[in-house]
Amino acid sequence: MRASGKAFEALSSLVQRRRRCDLYHSALIVTIPDGQFVIEMTPVPDESGEGRGVVVEGAVGSRLLGRFRLFRYEIRRWLDGIIPDVSEATSSVRLHIEPGLAQCLLDLVPSVPAAVWGRDELDAGEMWNSNSVTSWLLTRIGVDMAELGPPCGGRAPGWDAGVTVAGRDPRRLLVS
């Protein structure tokens, strides 16, 4: 994953005529009285998704290829789950969200659009990926997204796609 990200950023920076940036993959850890949940988009490792809290699956690269496990992703809402590479995280942001709103966020996870990863099939202006999932969920519960984003010198491709797509839904929740 790291090598493909570096290759993607090298090509993107060349095409866009800008310097290379660090790329960021986002995930959420949501704590409510019932426990801690990990919300993350990852490749599908096997067909036993229930044990990992899988609530959404989608295709990678093309809907046609998505028939094969190698070209599918899963979105997890995993009670007491783990993020395998969390120790390698270079940055983290803590948002304090009241328990009722955190529960609303958890309830929304199965509603995340199962758009094709790496494509802009939702006409949002950039590809859909893990960052899109995170920003979609946070936007839907009314978090001010102007305050969030990658650390200085970094990029989170797909972030704006999630904000854009979530903003189209008139049922958007608002933080009170």
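Any idea which of Gly66, Gly58 is crowded, with 18+ Cβ neighbours inside 10 Å and either within 18 Å of Ala166 (Cβ to Cβ) or touching a Leu at 6+ places or on another chain (Cβ under 8 Å) (or both)?
Numbers: Gly66 fails: either within 18 Å of Ala166 (Cβ to Cβ) or touching a Leu at 6+ places or on another chain (Cβ under 8 Å) (or both).
Step by step, each of Gly66, Gly58 is checked, and only Gly58 is crowded, with 18+ Cβ neighbours inside 10 Å and either within 18 Å of Ala166 (Cβ to Cβ) or touching a Leu at 6+ places or on another chain (Cβ under 8 Å) (or both).
Sort through Leu137, Leu101 and tell me the only one that's farther than 22 Å from Ala161 by Cβ, of a type outside the set (Gly, Ala, Ser) and in a helix (DSSP H, G or I).
Leu101 is the lone residue from the list that is farther than 22 Å from Ala161 by Cβ, of a type outside the set (Gly, Ala, Ser) and in a helix (DSSP H, G or I).
Counting just the residues of the range 25-59 that are assigned to a strand (DSSP E or B), touching a Ser or Thr at 6+ places or on another chain (Cβ under 9 Å) and not β-branched (Val, Ile, Thr), which one comes out farthest from Gly100 (Cα to Cα)?
Filtering the range 25-59 for residues that are assigned to a strand (DSSP E or B), touching a Ser or Thr at 6+ places or on another chain (Cβ under 9 Å) and not β-branched (Val, Ile, Thr), the one farthest from Gly100 (Cα to Cα) comes out as Met41.
Mind checking which pairs have a first residue in the range 99-115 that is over 16 Å from Val38 (Cα atoms) and a second that is in a helix (DSSP H, G or I) and hydroxyl-bearing (Ser, Thr, Tyr), Cβ under 9 Å, 6 or more apart or different chains?
Short answer, once both residue conditions are applied: Pro113/Ser132; Ala115/Ser132.
Which condition number does Gly153 fail, the rest of (1) in contact with a strand residue (DSSP E or B) (Cβ under 7 Å, 6 or more places away or on another chain); (2) surrounded by 14 or more Cβ atoms within 10 Å (Cβ to Cβ); (3) at pLDDT below 95 being met?
(2) is the only condition that Gly153 fails.
The values are calculated or read from the model by the stated rules, or taken from the named source; none is laboratory data. Everything numeric in this text was worked out from a predicted model, so none of it was measured. No Cβ is skipped: glycine too gets one built from the backbone with ideal geometry, and neighbour counts run over all protein chains shown.
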